[in-house]
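Reading through the C-alpha cells given below for one structure.
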C-alpha cells in the first residue's frame with residue numbers, strides 16, 4: 001500500500017486534500033492547525049532531503065489549506081447579509097427551473113447594493129412568471145438568508161452561500177453575459193433540433209445524455225432510472241466526455257500531424273463541452289483529467305491514469321475547496337478511481353495471460369469489470385446519501401453501455417451535420433433516436449421491477465466501507481503476489497546466467 005502511494009504522489013495529495021477540505025466544512029480551526037502541521041512537514045522534508053515530489057505535495061496541501069481558510073472567511077463575510085432585503089442587478093447563471101408553485105435559479109450579483117459583485121444567490125420565485133434565461137441581466141428584490149439545512153453542503157459545493165425568496169422585476173439586458181448566453185443558445189439549438197426530428201421520449205433522453213438536461217423526464221421515468229441504477233448515464237460525466245474526446249482524437253490522428261495542435265484540439269473540446277454542460281463538478285473532474293492528458297501529449301510524457309486522476313482532484317480542490325461536498329463530484333471521482341485502479345489492471349492482466357480468446361467474451365467481461373468496480377467504489381457514498389442501491393444496476397448497465405456510447409456518438413454527429421445539411425443530419429438523429437428507444441425500453445423494464453431497489457439500515461454504510469477496504473486490500477495482495485512471481489521468475493533467469501538474486505523491496 002505504502003509503495004503504491006509513493007509511486008502515485010498526486011493520488012496521495014488528492015486523498016489528503018479531500019480530508020482537509022471536508023474537515024474545513026466543520027471546523028475552521030482544524031484547518032489552521034493542519035496547515036501549520038503541513039508547513040512544518042514541508043521544511044522537515046526539505047531538511048531530510050526527501051524526494052522533491054513529496055515536499056511539492058506538502059506545498060500544494062499548504063496552498064489548499066490557505067485557500068480553504070480564505071474561503072471560510074469569505075463565507076463569514078457574505079453570510080452577514082442573512083435576514084436583509086436587497087434589490088438590484090443580477091446575472092442569471094441558469095435558466096429558471098420550474099417546480100410545483102415556484103421557480104428557482106442561481107443568480108450572481110452585478111450592481112446590487114448590499115452585495116459584492118460576484119456573490120451567488122439561489123433565488124426562489126413564487127407564483128410569478130419568470131421571463132428570463134441563462135445569461136440575461138435582470139433586476140430583482142431578494143429576501144436573503146444563509147444557506148442551511150440539508151442542502152447546505154450542496155450549495156457550498158456550487159459556491160452559493162445565500163438563498164432567498166425573490167421578486168422578479170424585469171430583464172434589464174437580454175443576453176447581457178455573452179458567454180453564458182451563447183452556450184444557452186447552443187443548448188436551445190440542441191433541444192429544438194432533437195425534439196423536431198425524433199419522438200418526445202427519445203429526445204428527452206438524448207437531451208440528458210448530450211448535455212445533462214433532465215427537465216423533460218416524467219416522474220415515472222425518473223423513478224425507473226433510479227431503480228435501474230443508471231442515473232450516471234443521464235448526468236454528463238467522464239464517460240460522455242470520453243466519447244466526444246475520442247471522436248475528436250480519431251479525427252485529429254487522421255488529419256492533424258502536429259502534436260501541439262492535437263493537444264489544443266483536445267483542450268478546446270474539453271472546455272467547450274464543460275461550458276455546454278454548465279460546469280458541473282463531474283464534467284469538470286473529467287475535463288481536468290483530459291487537460292492533464294493533453295499536457296502530457298505536448299510534453300511527450302506517459303500518463304499514469306491514477307496519478308492523473310489525483311492531480312485533477314488536487315487542482316479542483318485547490319480552486320474550489322468545497323467541491324469535495326458535491327455528491328456528483330464524489331461519485332465521479334470514486335467511480336473513475338474504481339475503473340482505473342481496479343478494473344483496468346484486472347483486464348490488463350487477463351489480456352496479458354490470454355485467458356479469453358474470444359474478443360466478444362473479453363469485451364463483455366471488460367464491461368462487467370468496469371461496472372462492478374464503479375459500483376463497489378461508489379457504494380459507501382450511494383448508501384450514505386441515498387439509502388438504497390439498485391439490485392439490477394449491473395445487468396442494466398451491461399445492456400445499455402454500448403448503446404449509450406452509440407447514441408451519444410451518432411447524435412453528436414447528427415447535431416453537427418444538421419447545422420450544415422439538415423436532411424443528412426436528420427437521418428443521423430433518427431438513427432440515434434432508434435438506439436435511444438432501446439435504452440428507454442431497458443430502463444423501463446428493469447427500473448420497474450418490484451425488486452429493483454434495495455433499501456438498507458443504519459449500519460449498512462459502515463459495512464460498505466469495510467467491504468470496500470477488504471476489496472482494496474485483496475487487490476493490493478494480488479498485485480504484490482503478481483510482482484513477487486515476476487521477481488521469482490526473473491531471479492531464476494539471473495541464477496541460470498550466473499548472477500546474484502534480486503531482493504524484494
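Residue order for 7, 354, fewest other beta carbons within 10 angstrom first, comes to 354, 7. Subtracting the Cα-Cα distance of residue 131 and residue 444 from 0.36 nm times their residue separation leaves 109.2 nm of extension gain.
Full extension of the chain between residue 116 and residue 100 gives 2.6 nm of extra length, using 0.36 nm per residue less the Cα-Cα distance. The packing ranking of peptides 151-158, 90-97, highest mean first, is 90-97, 151-158, where packing means the average number of other beta carbon atoms within 10 angstrom of each residue. If R0 equals 41 Å, the separation of the Cβ atoms of residue 420 and residue 362 corresponds to a calculated FRET efficiency of about 0.60.
Within a 10 angstrom radius of the beta carbon, how do 326, 139 rank from fewest other beta carbons to most? Don't skip to the end; give the middle numbers.
Working: 326 23, 139 17.
Taking fewest neighbouring Cβ atoms as first place, the list is 139, 326.
Length gained on full extension, residue 391 to residue 215, computed as 0.36 nm times the residue gap minus the Cα-Cα distance: 60.8 nm. Report the FRET efficiency, 1/(1 + (r/R0)^6), for residue 474 and residue 271, where r is their Cβ-Cβ distance and R0 is 60 Å, rounded to 0.05. With R0 = 60 Å, the Cβ-Cβ based efficiency is 0.95. In whole Å, how far is the Cα centre of the stretch 10-34 from that of the stretch 36-50? Between the Cα centres of the stretch 10-34 and the stretch 36-50 lies a distance of 18 Å. If R0 is taken as 35 Å, the Cβ-Cβ distance between residue 51 and residue 27 corresponds to a FRET efficiency of 0.65. Taking the centroid of alpha carbons for each part, the stretch 71-122 and the stretch 426-449 are 39 Å apart. For the pair the stretch 157-230 / the stretch 326-378, the C-alpha centres are spaced 31 Å from each other.
Placing a pseudo-label 7 Å from each Cα along the Cα-to-Cβ vector at residue 462 and residue 189 gives an inter-label distance of 5.6 nm.
Readers should treat all values here as calculations from the given coordinates under stated rules, not as data from a laboratory. What you are looking at is a predicted structure, and each value in this text was computed from that prediction instead of being measured. Virtual Cβ from ideal backbone geometry, glycine too; neighbours counted across all protein chains shown.
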